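The values are calculated or read from the model by the stated rules, or taken from the named source; none is laboratory data. Every value quoted in this text rests on a predicted model; they were computed, and no experiment measured them. FYI the Cβ positions are ideal-geometry reconstructions off the backbone, even for glycines, and counts take in every protein chain you see. Note: accessible area is taken over every heavy atom of the protein model, side chains too, but ligands, DNA and RNA are not part of it. Shrake-Rupley method; radii C 1.70, N 1.55, O 1.52, S 1.80 Å.
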Amino acid sequence: MTKKRNETDTKVETPALRGVRPSVLATLSANKITAGTLALLLLGFQASAASFSFSTGDPDGKIATLSRPSSPGKVQTETADDFVVTQPVVINRATFTGLLPVGAPLTSIGGVEVEIYHVFPGDSANPPSGNVPNRTNSPADVEIDSATRDSADGSLTFSATIVNPSFSVLNSVVNGINKSPGERTNGEGAVTGEEVLITVNFNPPISLPADHYFFRPEVLLSSGDFLWLSAPRPIVAPGTPFAPDLQSWIRNDALAPDWLRIGTDITGQGPFNAAFSLSGETDADGDGVADSLDLCPGTPAGAIVNANGCSIDQLAPCSGPASGGTWRNHGQYVSAVAHAAGAFLAQDLISADEAEEIVSQAAQSNCGSTRR
């Protein structure tokens with residue numbers, strides 16, 4: 001929408017040209033479904049969808065490690081384990097398995113948060129602090145903000161199921177998370193608890209491009225602590241083997257932003273994986289809309305899209321209506337852009353200033369003009 005109109009071309013006066021902001025706001029109330037209607041015309045171009053799934057397999061009984069948010073008298077402690085996606089995906093659901101204190105009711109689970117991290121040195125200070133033996137292949141210093149989901153703000157819902165009322169592991173890490181040279185504690189010994197499977201659903205789904213990541217869940221309990229269970233390493237069926245499979249890491253507020261390897265650094269055992277799974281769908285153009293729902297495949301990187309995966313440029317192309325053919329005149333094109341921008345504004349996808357700028361650029365273009 002950046003092509004300049006020939007100044008000698010006859011202008012078709014439309015509300016969008018006479019007053020851009022009033023036009024956009026009027027479009028919001030009078031034509032807010034237009035973008036969705038246009039998107040339906042693109043249904044024949046829908047991308048081919050494929051499912052995405054990943055699992056580290058079932059718990060192996062080797063170790064359980066703390067993963068909880070901060071609460072009165074308790075510091076935040078995070079455990080993370082890695083996974084790989086080989087193409088852009090949207091993740092709708094995750095599961096992870098851990099221990100509750102023996103006899104704790106499922107209602108003691110007060111909240112769940114999930115974060116995704118890049119692999120160090122992404123999103124990190126480099127070189128690191130030197131407070132841990134090694135940061136190679138650790139989670140990053142900070143999480144991917146756009147991928148955080150929390151039951152506290154409604155972006156995540158969860159349910160829990162007791163798998164085994166009494167499940168024992170050979171070792172645990174809860175409090176022994178120390179800076180070098182005191183990182184080797186050998187763990188805090190065997191522990192028994194209720195084995196629970198926690199299922200989380202993400203709304204909105206988590207959109208990730210192809211890359212190597214770490215998955216970090218936290219569980220808030222009204223009493224006691226949630227310990228995340230380890231899974232076999234290397235991964236075996238029913239898990240999803242991949243390479244390179246790194247290992248699980250842990251940190252608390254005193255250690256952050258650094259991380260320690262649970263096996264290599266703390267216990268001298270392992271290394272370990274953690275028990276979790278992910279499921280979702282491919283997203284070929286990486287716009288955050290699953291391929292099965294994407295009516296506008298091939299969206300350019302970084303473009304803002306609606307729930308159908310369509311950008312304003314795709315809903316109102318310069319070359320002609322999305323339904324086919326050519327624009328009758330420049331005014332018809334500008335009106336279509338204004339309608340689409342109004343719909344995006346109504347859905348809080350863009351601001352009023354952005355909508356005004358989009359329509360202004362359309363008005364200054366030569367799209368739909370007889371003189372190109």
The size of the Cβ-based charge dipole (Lys, Arg +1; Asp, Glu -1) of region 193-272 about the Cα centre, to the nearest 20 debye, is 180
Out of Ile177, Ile162, Ile91, a Gaussian network model of the chain with alpha-carbon springs under 10 Å gives the largest mean-square fluctuation to Ile162
Taking a probe of 1.4 Å and leaving out DNA, RNA and ligands, region 200-321 shows per residue an accessible area in Å² of 34
In degrees, nearest 10, the alpha-carbon axis of helix 330-346 is tilted away from the dominant principal axis of the alpha carbons of the chain by 30
dims of region 284-356, Cα set, principal axes, largest to smallest, nearest Å -> 34, 29, 17
Rounded to a whole %, the carbon-and-sulfur portion of the accessible area of the chain at a 1.4 Å probe is 53
In Å², rounded to a whole number, the accessible area per residue of region 53-106 with probe 1.4 Å is 35
Note, region 351-360: 3J(HN,Hα) by Karplus (6.51, -1.76, 1.60, θ = phi - 60°), whole Hz, Gly/Pro = x, goes 8, 4, 5, 5, 4, 4, 5, 4, 5, 4
When the chain is treated as a Gaussian network with springs between alpha carbons less than 10 Å apart, the largest mean-square fluctuation among Leu220, Leu99, Leu260 is found at Leu220
Out of Ala125, Ser151, Pro165 - ranked by how far each Cα lies towards the positive end of the dipole of region 92-167, with unit charges on the beta-carbon of charged residues - the top one is Pro165
Here, Thr192 and Thr240, labelled 7 Å along Cα→Cβ, have an inter-label distance in nm of 3.5
Over all directions, region 233-372 yields a Cα convex hull whose mean projected area in nm² is 13.9
Region 149-175 and region 295-341 have their Cα centres apart by a whole-number Å value of 45
Note on the chain: C-alpha Rg/Rh, Kirkwood Rh, two decimals, gives 1.11
Toy charge model, Lys and Arg Cβ at +1, Asp and Glu Cβ at -1: the chain dipole around Cα centroid in debye, rounded to 20, equals 900
Using alpha carbon centers only, region 350-364 is separated from region 204-259 by a whole-angstrom value of 43
In whole Hz, the Karplus estimates of ³J(HN,Hα) for region 190-200 (6.51, -1.76, 1.60; θ = phi - 60°; x where Gly or Pro) are 5, 8, 10, x, 7, 7, 10, 9, 9, 10, 10
Rounded to the nearest 0.05, FRET efficiency between Leu106 and Asp348 (Cβ-Cβ, R0 25 Å) equals 0.10
Helix 20-30: inclination vs the chain longest Cα principal axis, degrees, rounded to 10, gives 70
Computed curve, region 131-264, Cα-only Debye sum without solvent term, log₁₀ I(q)/I(0) at 0.18 Å⁻¹, is -1.44
For Ser159 and Thr199, extending 7 Å from Cα along the Cα-Cβ vector and measuring point to point gives, in nm, a value of 0.5
